[in-house]
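For reference, the structure discussed in these notes is given below.
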Amino acid sequence: LYLNGQSLISLPYIERRRILTENAGEIPLTRQIITDNVEEAERFLAEAVNAGHEGLMAKKVDSEYVPGIRGKRWLKIKPTLPTLDLVIVAAEYGYGRRRGWLSDYYLAARDAETGEFLTVGKTFKGLTDAEIVEMTKRLKELTVKEEPRRVYVIPKIVVEVAYNEIQKSPKYRCGMALRFARITRVREDKTPDEADTIQRVREIYESQFSKKGVIKLDSKTSNSD
């Protein structure tokens with residue numbers, strides 16, 4: 001960003017990269033490609049993931065560096081894992097404008113061997129305000145135990161959940177946790193017995209470390225490496 005006391009942030013990215021390359025000496029730089037070919041970009045992403053990296057940074061070649069501001073000229077690109085149909089087993093009351101509504105949901109997968117529902121994550125993302133109001137009414141009707149901020153419910157409501165990855169976690173008894181989970185829809189067409197199993201969750205967890213390449217692409221904006 002600076003060279004010989006001169007700021008380079010207003011220069012386009014491709015020019016800043018050229019200057020960095022010329023002045024880096026023996027310091028290794030990150031590998032990059034410049035392309036407008038989707039298949040080539042997907043292959044590059046697969047190589048990065050298979051090498052153990054989280055994903056890629058995609059930058060417009062003419063983009064300036066703007067500190068502290070998110071935008072669409074730099075994108076984090078990661079592989080997206082398949083969604084899971086999970087069951088809400090508990091919920092907590094929210095804060096602020098969600099105060100008084102059950103808006104934080106504990107998500108569980110069914111153990112195919114025992115029939116028990118094992119928590120794999122928690123989320124407050126995905127539902128609209130109107131859906132949260134309706135969900136609160138439904139969960140209160142299913143409540144079997146109530147604490148000051150949390151209720152435990154009969155496992156009946158199935159929701160489709162997207163997430164960034166599955167991690168090892170001592171927080172839940174199953175030993176795994178969904179990272180950045182968010183509800184994409186309520187599955188009115190599914191019963192708890194049709195929800196995904198903990199065995200399926202474990203299968204996806206293990207697949208993250210295999211050399212199977214990319215399932216599909218997901219991107220989000222960023223302003224930093």
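Every number here is computed from the coordinates shown, using simple stated rules; none is lab data. What you see is a predicted model, and the numbers here were worked out from it, not measured in a lab. Here the Cβ positions follow ideal geometry from the backbone for every residue, glycine too, while neighbour counts run over all protein chains shown.
The spread of Cα positions in the chain, taken along each principal axis and listed from longest to shortest, comes to 67, 41, 31 Å. When the Gaussian network model of the chain links Cα atoms closer than 10 Å, the mean-square fluctuations of I77, I88, I33 top out at I33. As a proxy for reagent exposure, ranking L178, L107, L8 by other Cβ atoms within 10 Å from fewest up yields L8, L107, L178.
How big is the charge dipole of the chain about its Cα centre, in debye rounded to the nearest 20, if each Lys and Arg gets +1 on its Cβ and each Asp and Glu gets -1 on its Cβ? Numbers along the way, then the final one.
Numbers: 39 positive and 34 negative charges, 135 e Å.
Computed about the Cα centre, the dipole is about 640 debye.
Between exposed chymotrypsin sites (Phe, Trp or Tyr not before Pro) in the chain, where DSSP calls loop and at most 13 other Cβ atoms lie within 10 Å, what's the longest gap? For chymotrypsin sites (Phe, Trp or Tyr not before Pro) (loop position, at most 13 other Cβ atoms within 10 Å), the longest site-free span of the chain is 1-94. Here the simple spin-label model places points 7 Å from the Cα toward Cβ, and for I19 and D62 these points are separated by 1.9 nm.
In percent, how large is the relative contact order of region 19-113, given Cα pairs closer than 8 Å and 6 or more residues apart?
Details: 70 pairs, mean separation 15.1, N = 95.
Taking the mean separation of contacting Cα pairs over the length of region 19-113, I get 16 percent.
For region 1-98, a simple Cβ point-charge model (Lys and Arg +1, Asp and Glu -1, everything else neutral) yields a dipole of about 460 debye relative to the Cα centre. Region 1-35 and region 81-149 have Cα centres lying 47 Å from one another.
Computed log10 I(q)/I(0) for region 84-207 at 0.12, 0.15, 0.21 Å⁻¹: -0.40, -0.63, -1.24, from the Debye equation with unit scatterers placed on every C-alpha and solvent omitted.
Counting other C-beta atoms within 10 Å, and keeping those with at most 15, which DSSP coil trypsin sites (Lys or Arg not before Pro) do you find in region 14-97?
Working: sites: R16, R17, R18, R31, R43, K59, K60, R70, K72, R73, K76, R97; in loops: R31, K60, R70, K72, R73.
Of the trypsin sites (Lys or Arg not before Pro), the ones in loops of region 14-97 whose Cβ has at most 15 other Cβ atoms within 10 Å are R31, K60, R70, K72.
With a threshold of 21 Å on the Cα-Cα distance, the over-threshold entries among K78/K125; K156/K190; K60/K125; K122/K168 are K60/K125.
Between E116 and K140, the contour length at 0.36 nm per residue exceeds the Cα-Cα span by 6.5 nm. The loop-placed GluC sites (Glu not before Pro) in region 14-98, going by DSSP, that have at most 10 neighbouring Cβ atoms within 10 Å of their Cβ come out as E26. Using C-alpha pairs under 8 Å with a sequence gap of at least 6, the mean separation divided by the residue count of the chain gives a relative contact order of 24 percent.
Where nothing but the Cβ of Lys and Arg (+1) and of Asp and Glu (-1) is charged, how large is the charge dipole of region 84-207 around its Cα centre, in debye to the nearest 20? Spell out each step's value before the answer.
Numbers: 23 positive and 21 negative charges, 127 e Å.
Dipole size: approximately 620 debye.
For the chain, modelled as a GNM whose springs connect Cα atoms under 10 angstrom apart, the maximal fluctuation among G71, G94, G55 occurs at G71. Given a Förster radius of 45 Å and the C-beta distance between R173 and A51 as r, what FRET efficiency does 1/(1 + (r/R0)^6) yield to the nearest 0.05? Computed FRET efficiency for R173 and A51 comes out at 0.85.
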